[in-house]
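Participant: Handing you a structure now.
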Amino acid sequence: MAPAATASLPTAPHNLGPISRELFPDGLKTTGQHAPLYDHILPFEKFPKQITGPTVWKAEEYRDHPEKWTHTFTEEQIAELSTAADKFLASKTPLTGIEKSNFELPTLAAYLRDLRADLIDGKGFILFKGFPVQKWGNHKSAVAYMGLGTYLGYFVSQNSRGHVLGHVKDLGEDSTQIDKVRIYRTNARQYFHADDSDIVGLLCIAKALEGGESDLVSSHHVYNVLAAERPDVLKTLTEPIWYFDRKGETSKGQEEYIRTSVIYLERGENGRVYTKWDPYYVRSLTRFSDAGIIPALSEAQEEALRVLEETCVRHSLHMVLDIGDIQFLSNAHILHARTAYRDHAPPAPRRHLMRLWLATPESEGGWKLPFWDSNEKKRGGIQVDDQVPVAPIDAE
C-alpha cells in the first residue's frame, strides 16, 4: 500500500483535565466527535490500488459456514461470566465503573484477547450464542455483557445523555425527522454505516415480530470492487468534501457539523484504509445547505451515496440475531445495516438490543487514526460538555 503521513502521534488541541472518579467511576472520559486533522487527509493517488489481507472477505466465504464466525458459549464460560457478574453486583460498584480489574475472567480472558485481535486486524466480526439473558434478567445480563466488553475495549458514550450502555429499541420517534432523531430509537431501516467507535456490540434481549435483521460487509472488499468498477466514486469518497451532522449533540462552542472524508488512510507507513460513514448523517444537513451555510451534495456525491449502498447490499452477509446472541464487529473495516422491523403487539416485549460502543486506543493495538484523540483510551463516541456516563438497564 502507498505510504501515508507521519506516524507520530497527533497533538491534542485541549486537555481532558482532571477526571473525578465520583463522576467517571473508571477514571476515563469519552473524547467525543471531532473534525479530522486535515493535514493527515491524503489525496486519492496515495491510496492503494487494491487491499489485501484478512480484512478483505466475501460473503460467500461465510454464508454457508457459520462455524467460521459463530461461537456458542460453553457451560464453563457461562459459569465464569456468572461468577464475575455476581461478584460485581455484590460489590455495589456503579455499572459505569466496571473494568477488567473488577471483572475477572481467568480462562475466558485469553480467548477474548485473541478475539479482540481478530476484530481489529482480522475478519472483524463474531456472533456469540447461548448468553442466558432470560435466565439472568436484564440487570445481571447487562453486567456480564459489559464485563465481557471490557476485554475488547473501553466503553464510550453513545449519545448526549452519556449512555455507555445503549438500547436499540423503537421508542415511537419519527424516523423521517433525521436531523433530530437517532434511527436506532425507531423501527426504520438502517442503511450501511459505521458507528462512532472502534467496535460495536449488540446483545439481543427480545426479537421483533418480523424484520430487524442484520447485514454486514467488508468495507475493504467494497473498496476493491469500487476500485475496479467505479474509481470515480472511490475518489469522491476520499475527498474531505463531506459534511456530517451532529444532530444537536454538541458541546458549548462546537459547530453543528463536521467536514471530513468518508474513506481515509491511517497515519504512518502502509496506512490501512478506514471508512467512516452514515448516510443519515449526511442527508440530514439540508437545514444548513438550504441556507447556504454549507454546500449542497453535488451530483458526484449523490452518485457516490447510491453506488456505495448498492455495492454494500450486493456483497453483504445476512445475519439473524436470536435472543441471547451477541454480535461484535469492527467499525474500522466493516459496514453494517439493519432491515426495518415490526414489533409484536403488546403485551409482548418490543425488539430490544443492548449496545456497546468500545474504543481501542492506538497504544493498545488500535488503528492510527487521523484524529487528535487517536491514543486516548476513550476515543470517539459522543461527549457533550461534562455529561457523566450512565448505564440504564432499559431504553429511556
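The values are calculated or read from the model by the stated rules, or taken from the named source; none is laboratory data. Values in this document were obtained by computation on a predicted structure and should not be read as measured data. As a convention, Cβ positions derive from the backbone with ideal geometry for all residues, glycine included, and neighbour counts pool all protein chains shown.
Participant: Quick one: is LEU356 under 12 Å from the mean Cα position of the chain (by Cα) and farther than 17 Å from LYS276 by Cβ?
Facilitator: yes
Participant: Would you check which residues across the stretch 114-133 are surrounded by 12 or more Cβ atoms within 10 Å (Cβ to Cβ), of a type outside the set (A, V, I, L, M, F, W, C) and assigned to a helix (DSSP H, G or I) and list them?
Facilitator: We begin by selecting, within the stretch 114-133, every residue surrounded by 12 or more Cβ atoms within 10 Å (Cβ to Cβ); these are 115-116, 118-133.
Now restrict to residues that are of a type outside the set (A, V, I, L, M, F, W, C): 116, 118, 121-124, 129-130, 132.
Passing the criteria: ARG116, ASP118, ASP121.
Participant: Can you tell me which residues in the stretch 80-106 are surrounded by 12 or more Cβ atoms within 10 Å (Cβ to Cβ) and farther than 20 Å from VAL164 by Cβ?
Facilitator: GLU80, SER82, THR83, ASP86, LYS87, GLU104
Participant: Among the residues of the stretch 32-58, write down those that are in contact with a Gly (Cβ under 7 Å, 6 or more places away or on another chain) and either of a type in the set (Ser, Thr, Tyr) or farther than 23 Å from ALA117 by Cα (or both). Outline the logic, then answer.
Facilitator: First, pick out the residues of the stretch 32-58 that are in contact with a Gly (Cβ under 7 Å, 6 or more places away or on another chain): 32, 54-55.
Passing the criteria: GLY32, THR55.
Participant: Evaluate the following for GLN301: is it at pLDDT below 95 and polar (S, T, N, Q)? So that I can check it myself, show each step before the final result.
Facilitator: Values: at pLDDT below 95: no; polar (S, T, N, Q): yes.
Spelling it out, it is not the case that GLN301 is at pLDDT below 95 and polar (S, T, N, Q).
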